[in-house]
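Laboratory data are not the source of any read-out in this text; all were calculated from the coordinates shown. Quantities reported herein were computed from a predicted structural model and do not represent experimental measurements. In this analysis, Cβ positions are derived from the backbone assuming ideal geometry, glycine residues included, and neighbour counts consider all displayed protein chains.
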Number of protein chains: 2
Amino acid sequence: MALPDGAFVLVEYTLRVKETGEVIDTTSEEEARKAGVYDPKERYGPRLVIIGEGRLIPGLEKTIKELSPGEEKEVEIPPSEAFGERKPENIKIMPRNVFIRSGVVPEPGKIVEINGMLAVIRSVTGGRVVVDFNHPLAGKTILARVKLIKLIEDVGEKLLHLVLRRLPPIIGEEDVKVDYDAKKKYAKIMFNEKILQIADMQAAKRLVVGEIRKYLANAVSELEFSEHIRIAGEGEKKQTETEAGKAEDKSGEQAKTEGG
Amino acid sequence: MALPDGAFVLVEYTLRVKETGEVIDTTSEEEARKAGVYDPKERYGPRLVIIGEGRLIPGLEKTIKELSPGEEKEVEIPPSEAFGERKPENIKIMPRNVFIRSGVVPEPGKIVEINGMLAVIRSVTGGRVVVDFNHPLAGKTILARVKLIKLIEDVGEKLLHLVLRRLPPIIGEEDVKVDYDAKKKYAKIMFNEKILQIADMQAAKRLVVGEIRKYLANAVSELEFSEHIRIAGEGEKKQTETEAGKAEDKSGEQAKTEGG
């Protein structure tokens with residue numbers, strides 16, 4: 001079975017550099033911990049992949065496309081299907097004073113940004129600096145173990161995972177609910193009070209809205225984000241007065257008036 | 001009529017330094033422009049004041065408290081009811097090298113932060129720096145012209161103004177709607193898609209929630225923030241694909257995998 005473009009799937013995968021065994025990406029918390037690359041800001045567990053979205057390396061997406069639900073595969077992905085070949089023309093020699101003038105002392109191994117591109121300094125000899133614009137993983141063969149957990153057909157579930165992948169892991173599946181009315185093409189994505197702690201929430205919503213317009217415009221014509229907050233009764237009132245009412249309020253009129 | 005603590009009122013006011021005529025705060029766009037202190041990030045027009053909240057200088061709040069709707073007053077507010085008296089003990093002499101050590105060259109007129117407090121350097125003589133911790137407006141008599149536009153009784157309207165005062169002026173009154181059900185004590189605050197552009201929205205909501213808990217807990221026991229987005233139909237699809245789906249998506253899996 002070949003999954004069509006736009007299919008929503010949940011996958012588990014681990015990517016390793018063949019040469020060294022180094023784990024470069026994994027959906028498994030256990031694998032991440034074992035490899036010493038565990039990141040508490042990462043959401044582990046089955047990850048949403050939209051076929052054709054192009055967010056994964058091509059060889060990984062192609063492999064996923066051919067999997068059936070429940071199927072697991074190990075594949076070797078050549079550089080051309082991963083991070084590209086190493087190209088000699090991506091290695092440039094630049095005069096040392098170009099770096100000095102912009103306040104950077106060139107040293108081997110240093111990562112620098114030149115014209116908006118990242119590069120690694122390979123060597124510094126006299127006034128000549130060898131700069132490598134190749135991707136650090138260019139030329140590497142990647143070993144991928146990948147399992148297709150589920151093909152998502154339900155629009156509500158698609159929305160849930162579009163939202164979750166944009167949020168830090170402190171927001172769990174239990175903190176997000178989706179109501180979807182297929183007849184009205186109306187979707188309501190609901191959060192609890194925890195969502196007020198997420199700093200870049202509006203940026204996350206903009207991304208989700210863009211993806212809904214791209215992948216789900218046929219199924220969703222109206223969208224509502226809803227955040228539900230229980231206002232404390234008398235019993236809890238005292239505590240919240242100090243905590244929420246005052247501590248945070250540093251940008252108000254008083255400050256303005258005082259600032260003149 | 002003396003307004004009780006917790007009363008919500010809309011007021012217009014302009015504060016001037018008596019001595020110089022300098023406008024230090026105004027709710028009027030016209031006054032701000034005339035005085036050359038117009039700020040496009042400011043929301044002009046009648047401003048929400050909650051009696052007892054203490055966000056205004058005491059003399060201004062006291063004046064407002066005694067106004068009737070529609071009434072306008074001009075008052076002279078002494079320093080003790082404005083930004084405080086100038087206190088000689090707030091002027092300190094500090095050794096010059098304390099500044100130099102923290103990378104600041106002390107110069108008369110410079111505003112510095114010392115132990116989290118702002119201060120003005122008054123003079124530098126040899127190794128001695130005279131630092132003034134008095135508020136820049138301490139000792140000034142303030143002239144206030146203030147008008148009570150309206151006493152807000154409606155809970156929905158109170159909520160509307162609590163929200164609006166936390167938002168930049170690009171969000172107008174027409175972009176926010178409040179549904180309030182007094183029986184269920186349920187309030188729904190609704191925004192349109194423009195709200196997705198507001199960067200600190202969750203922080204603004206936290207402040208509003210804190211204020212509802214403090215001032216409106218008797219009237220509101222459940223609160224819902226709702227953001228309504230129209231997902232483009234087929235006609236608009238092409239445009240939004242490029243704009244929203246791709247441009248912003250810089251933090252996704254691809255980047256992560258590449259960074260590995």
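In the assembly of identical copies, B:Asn218 has its label point, taken 7 Å from Cα in the direction of the beta carbon, separated from the corresponding points by 5.6 nm (ascending, one decimal).
Apply 1/(1 + (r/R0)^6) to the Cβ-Cβ distance of A:Glu173 and B:Glu29, taking R0 = 51 Å, and write down the FRET efficiency to the nearest 0.05. The computed FRET efficiency comes out at 0.60.
For B:Ala219 and A:Glu74, what is the calculated FRET efficiency with R₀ set at 56 Å and r taken between the beta-carbons, to the nearest 0.05? Spell out each step's value before the answer.
Details: r = 61 Å, r/R0 = 1.09.
With a Förster radius of 56 Å, E is 0.35.
Where chain A is carried onto chain B by rotation, the Cβ closest to that axis, with its residue and distance in Å, is A:Ser226, 2. Label-point spacing at B:Lys194 relative to the other copies reads 3.3 nm, in ascending order, each point sitting 7 Å out from Cα along Cα→Cβ.
Between this copy and the others, label points of B:Pro169 are 4.5 nm apart in ascending order, each placed 7 angstrom from Cα in the Cβ direction.
Estimated from helices alone, the mean residue ellipticity of chain B at 222 nm is -6500 deg cm²/dmol (sum of -39500 (n - 2.57) over DSSP H runs with n ≥ 4, per residue).
Spin-label model, B:Ala199 to B:Lys150: label points 7 Å out along the Cα-to-beta-carbon direction sit 3.2 nm apart.
Take each residue of peptide B:179-189, count the partner chain Cβ atoms within 10 Å of its Cβ, and average: the result is 1. Does region B:154-243 come out rounded, prolate or oblate by the C-alpha gyration tensor, with a ≥ b ≥ c the root eigenvalues, rounded set by a/c under 1.5 and, if not, prolate when a/b is larger than b/c and oblate if not? Because a/c hits 1.5 or more and a/b exceeds b/c, region B:154-243 counts as prolate.
What share of the DSSP beta bridges in chain B is antiparallel, in percent to the nearest 5? The partial results should precede the final answer.
Numbers: 43 of 49 bridges.
If I count the DSSP bridges inside chain B, around 90 percent turn out antiparallel.
Using a 10 Å cut-off around each Cβ, can you sort B:Met201, A:Met190 from fewest to most neighbouring Cβ atoms?
Details: B:Met201 25, A:Met190 17.
Going from sparsest to densest Cβ surroundings: A:Met190, B:Met201.
Here B:Ile171, A:Ile93 are placed in order of increasing Cβ neighbour count within 10 Å, fewest first, which gives A:Ile93, B:Ile171. Could you check the spin-label model distance between B:Arg230 and B:Ser102? Points 7 Å from the Cα along Cα→Cβ, value in nm. So the label points at B:Arg230 and B:Ser102 sit 5.4 nm apart. Taken residue by residue and averaged, Cβ atoms of other chains lying within 10 Å of the Cβ of A:210-220 number 5.
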